[in-house]
Amino acid sequence: MTMRAILALVVAALVLARPAPGAATQLVADLSSREIAITTGFAGTELLLFGAVDGPGDIIVVVRGPRRDQIVRRKVEVAGIWINGPSARFADVPAFYWVASTGPLTDIAEPAFLAEREIGFAQLRMPSADGRSAAATAPFRTAMVRLKDRVDLYEETTGVVVAADRLFRTSVVFPANLPTGDYRAEVYLLRDKRLVSTETIVIDVHRVGLGARIHGFATRDAALYGIMAIAIALVAGWLAGVIFRKG
Amino acid sequence: MQIYLPIAEMSVDTLLLLALGGGVGLLSGLFGVGGGFLMTPLLIFIGIPPAVAVGTEANQVVAASVSGALAHWRRGNVDVKMGFVLLVGGIVGSMLGVWLFTFLRSIGQVELVIAVSYVVMLGVIGTLMVVESLRAWLQSRRPGGAPVRKLHQHIWLHGLPFKMRFRRSKLYISALLPLGVGVFVGILAAIMGVGGGFIMVPAMIYLLGMPTSVVVGTSLFQIIFVTANVTFLQAVSNQTVDIVLALVLIVGSVIGAQIGARLGDRLHSEQLRALLGLIVLAVCVRVAFTLFATPDDVYMLGGGGGP
């Protein structure tokens, strides 16, 4: 081994061994990708969220999708037919919500902390958008979380794996019906129910390729899109007539 | 192989869509119907949002009726004047229909109205077809054959004002009649995402008294324009036309229709009609089931309120 290589190794070792300056290096986290491209063949995807901590502790990972209004309806039976009955509209509902932790949330964090950061299904605020009381809309709220859970848009797991009190990882599963927008992955490191360090990573979920162009076209130039759809159908029908004319 | 539908915002198996298009195309080639009334409920069964199924199916019917209408045009089986009157009614009807659709969507009842329309229309048409073909079959077994039919029967409706002469159909009747039929079918086309041939054809034969030879061609001719109008209006006011979905369905149905047309030559028409009637009734029962069955979960995430 040359002198220079040994020197480089020593320098590297010194840099790595330096004591952590402040809270910033108590937690380092990253994702296997910081963007999700929804292509025409998109069938859902899985990202690995991983990182390192400087010692034992509990980890909570929260991934939130863009917030929007969401309507929940209840079906009622009228003369034997099930029709859409009463509904409730909620504001600031995350389109996607994934919580993973090293243990049951209430065992590793204070209720006040969970409430403040909206961690866990029970802590999502989601106020009524039509000004009704939380009590009046409670059954709708419960149903919404259950329904979103069923279509894999909401998830609460204890799936964060820690190795040797240093490395942690968890995989976040995004379903095929993923809404687009800016997603935020928040990673919290707690010790004795106290927040030690936190890190936030933004994930850009967007349509790409033909699908993106078609969707953009259909919403921006709706009239032109409609005309084009008709033109394509006319040509396709005419072509079919010509191709199969004989026989 | 999965394909992402940009407007429906979901991934669907391409082969499933092709099979669906092919299957419905086969039936439409076999029976000479557009097939929209079967395709829309099937799309809803596989999970396409009802609004997108309706808007997209209108687009697919444009393609299906163009190739059909062209074939009839070459044989001179299109009464253009009658088609035009029906069309004026159809345009008005489809505008009313899309407006109604948008309104129902805003109050969250569009799925109900689509389903009820289907149960009623499929139930009535399916029953009529089965009964009619049974009667024809019984008659053909009796010696002497079918009774001689008059050119057409005059009913009081034909005597309404604004009489018009339709040479190709050998008719002199009030223009209000085809206009009314056009409006009615236009509304259905918008709400149910169908061309409406399965309603228009019987209406033209029994209500207007048109000769059977020009009925299918004229109906297809008119359907092209009505469904094109529905496609345009749905694209503009509801953004529910998925061009990717429409294209895959068109490819499937075009191939299916050709196979169906060839198969059709080898089967008897009464048997065919009875068979189609049974298929229609089966779809009717399936749609009715979703209305009457207790849902797994009485709550549902609302679409319809916009993003």
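The stretch B:1-94 holds helices (runs of 4 or more DSSP H) entirely within its bounds, and those carrying 1 or more residues that are within 11 Å of chain A (Cβ to nearest Cβ), of a type in the set (D, E, K, R) and out of contact with any helix residue (DSSP H, G or I) (no Cβ under 7 Å at 6 or more places or on another chain) map to B:50-74. Residue selection: B:Gly90 satisfies the criterion of being closer than 30 Å to B:Phe166 by Cα, buried (at least 20 other Cβ atoms within 10 Å of the Cβ) and within 14 Å of the chain's Cα centre (by Cα).
Residue-wise test of (1) over 18 Å from the mean Cα position of the chain (by Cα); (2) at pLDDT 90 or above.
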residue: A:Glu46; (1), (2): no, yes
residue: A:Ile60; (1), (2): no, yes
residue: A:Ile83; (1), (2): yes, no
residue: A:Ala100; (1), (2): no, yes
residue: A:Leu105; (1), (2): yes, yes
residue: A:Arg125; (1), (2): no, no
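If you go through the stretch A:111-134 and keep only what is touching a residue at least 60 places away in the same chain (Cβ under 8 Å) and in a helix (DSSP H, G or I), you end up with A:Phe113, A:Arg117. The condition of being without any contact (Cβ under 8 Å) to a residue 24 or more places away in the chain, polar (S, T, N, Q) and surrounded by fewer than 19 Cβ atoms within 10 Å (Cβ to Cβ) holds for A:Thr106.
Counting only residues that are more than 22 Å from B:Gly68 (Cβ to Cβ) and more than 8 Å from chain B (Cβ to nearest Cβ), the stretch A:212-247 holds 6 of them. Only residues that are aromatic (Phe, Trp, Tyr) and not in a strand (DSSP E or B) were counted in the stretch A:66-110, giving 1. Of the listed requirements (1) away from chain B (no Cβ under 14 Å); (2) closer than 30 Å to A:Val205 by Cα; (3) out of contact with any Phe, Trp or Tyr (no Cβ under 8 Å at 6 or more places or on another chain), A:Arg89 misses just one: (1). Is at least one residue of the stretch A:184-207 within 14 Å of another protein chain (Cβ to nearest Cβ), touching a Lys or Arg at 6+ places or on another chain (Cβ under 7 Å) and either within 30 Å of B:Gly25 (Cβ to Cβ) or surrounded by 15 or more Cβ atoms within 10 Å (Cβ to Cβ) (or both)? No, that holds for no residue. Just one of (1) of a type outside the set (Asp, Glu); (2) surrounded by fewer than 21 Cβ atoms within 10 Å (Cβ to Cβ); (3) more than 10 Å from chain B (Cβ to nearest Cβ); (4) touching a Lys or Arg at 6+ places or on another chain (Cβ under 8 Å) fails for A:Val63. It is (2).
Residues that are more than 14 Å from chain B (Cβ to nearest Cβ), more than 18 Å from the chain's Cα centre (by Cα), more than 29 Å from A:Lys193 (Cα to Cα) and not hydrophobic (A, V, I, L, M, F, W, C) do occur in the stretch A:133-145. Being crowded, with 18+ Cβ neighbours inside 10 Å and free of Cβ contacts under 8 Å to residues at least 40 places away in the same chain is a property that A:Leu27 lacks.
The values are calculated or read from the model by the stated rules, or taken from the named source; none is laboratory data. What you see is a predicted model; the values in this text were computed from it and never measured. Cβ sites come from the backbone with ideal geometry, for glycine too, and all protein chains shown count toward neighbours.
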